1. Under unit Cβ charges (Lys, Arg +1; Asp, Glu -1), what dipole magnitude, rounded to 20 debye, does the stretch 154-230 have relative to its Cα centre?
2. Evaluate the charge dipole of the stretch 37-183 about its Cα centre and quote only its size in Debye, nearest 20, assuming +1 on the Cβ of each Lys and Arg and -1 on the Cβ of each Asp and Glu.
3. Cβ under 9 Å from K354's Cβ, K354 left aside: what net charge do those residues give with Lys, Arg +1 and Asp, Glu -1?
4. Would you mind classifying the stretch 115-159 by shape? Square roots of the alpha carbon gyration tensor eigenvalues, ordered a ≥ b ≥ c; an a/c under 1.5 is rounded, otherwise it is prolate if a/b is larger than b/c and oblate if not.
5. Once the Cβ-Cβ distance between R357 and R113 is put in as r, and R0 is 45 Å, what FRET efficiency do you end up with, to the nearest 0.05?
6. Looking at A209, I130, G228, which one has the Cα that reaches farthest to the positive end of the dipole of the stretch 94-244 (charges on Cβ: Lys, Arg +1; Asp, Glu -1)?
7. Which of the trypsin sites (Lys or Arg not before Pro) across the stretch 250-343 are loop residues per DSSP, with 13 or fewer other Cβ within 10 Å?
8. Return the percentage of antiparallel bridges among DSSP beta bridges fully within the chain, rounded to the nearest 5 %.
Amino acid sequence: MLESGAMSLAVVVLAAGQGKRMHSALPKVLHQLAGRPLLAHVLDTARTLEPKQILVVHGHGGAEVRAAFDGANLEWVEQEKQLGTGHALAQALPKVARGAQVLVLNGDVPLVRAETLQRLAAASRGGLAICTSDLTDAAGYGRVVRDTRKRVRRVVEHADASASELRIREWYAGFLSAPVERLAKWLAKVKPANEQKEYYLTDVIALAAKDGVAVATVKAQDPWEVAGVNSRHELALLERAYQNMQARKLLDAGVALADLWRVDVRGVLACGRDVAIDVNCIFEGTVKLGDRVRVGPNCLLRNVTVGADTEILGFSQLDAATVGERCRIGPFARTRPGVSLANEVHIGNFVEVKASRIGAGSKANHLSYIGDAEVGARVNIGAGTITCNYDGAAKHRTVIEDDSFIGSDATLVAPVTISRGSYIGAGSTISKTTPPDQLTVARAKQVSLPNWKAPKKKG
């Protein structure tokens, strides 16, 4: 945030580009990095500066972009014709409050750091500041041209640069900051006198220098924070870079990662002590792992809280679930939204649980479906058991009380209650409340046909 007494800050995000090289109908700024749109990353960083205004200039796919950020407290500006970055900013400036300091960002450069933007805004007070870099290949970027006294005189775009200018290592990273009145004055003088016939925002730099305004530069410290996305290849590279950064943070916090290149965090992952994560795991939304939790290979956890000493075996998928301590999940298990597991619950291979609560010490170790159920403590659910929760029009709940034993291949037709201590014989179809502490068997009479003959193929 700006220091006390400084002018108010207005952030303008340029997000009107079509992204032709993405070869997609989706607007470029809506393509996802770490499970979220590129523009979302930029906006999150901008908000850390506590600006008075955030304006987003949209163009291609504008309705889709606006819909993706509905309710996000943004001011939207349409660039009906895409005539360049200078033209885009000119559409937004009339909406900026008088006397404000303007910080211009790009919606397709998602990893810029708040610290860099704070330095940029501070360096621009009363004048102009630009963000530059010489950390990576400058191909395609505008070069920063300085005079013999190292003062910035202009930025020349790659397409318009001479051979000697193309050898300049320092390039313009796409962010600048200046008072709104000065920006408006300079933009009014920008002409499309270039190979692209566009209004370049970078032309304001030469106009500022001509007016005797010192152009301050703030150099990015990390090459990834100034890396833009213009193709799927660049997006894929940025994704790996982002994920590697998250992996390093996890390792620094004491998490044991089997491979720092094969983990994806698409949200917020909080880990306790001595957590171990195997390869190819994906974490989406908000995930919290307690002390000594172990996550096997190829798991997906989305909006999940996992208690201490729980083990999630390979190829399991947990979605919007709360898992207690000392549980054992998987392999190949699935929890759908609305699941709550108490301590020491076992959910085994090819078991699916949906919108259910399962009590302490209960087990469903094989090949079962538990949907819309209330399962008590110390319940054993045999292989192949199904809670029939849907009648074709509505969902109904199954209640299995404490200490019940459900035999293999049982079908529990909801709404139904399995009373405390019930034993259900294997292969039974139960549609009525069972008496407590009794064995209930519900099977058709077994019949053998002595004269039956197996069918034979014709021909």
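The values are calculated or read from the model by the stated rules, or taken from the named source; none is laboratory data. These numbers come from a predicted model, not from an experiment. Every residue, glycine among them, receives a Cβ derived from its backbone with ideal geometry; neighbour counts consider all protein chains shown. Areas reflect the complete protein model, heavy atoms only, side chains present, ligands, DNA and RNA absent. Shrake-Rupley method; radii C 1.70, N 1.55, O 1.52, S 1.80 Å.
1. 260 debye
2. Numbers: 19 positive and 17 negative charges, 164 e Å.
Roughly 780 debye, rounded to the nearest 20.
3. Net charge around K354: 0.
4. Working: a/c = 2.17, a/b = 1.34, b/c = 1.62.
It is oblate, given that a/c is not under 1.5 and a/b is not larger than b/c.
5. Efficiency at R0 = 45 Å is approximately 0.55.
6. A209
7. Within the stretch 250-343, the qualifying trypsin sites (Lys or Arg not before Pro) (loop, at most 13 other Cβ atoms within 10 Å) are R273.
8. Values: 16 of 103 bridges.
So the antiparallel bridges amount to about 15 percent of the total.
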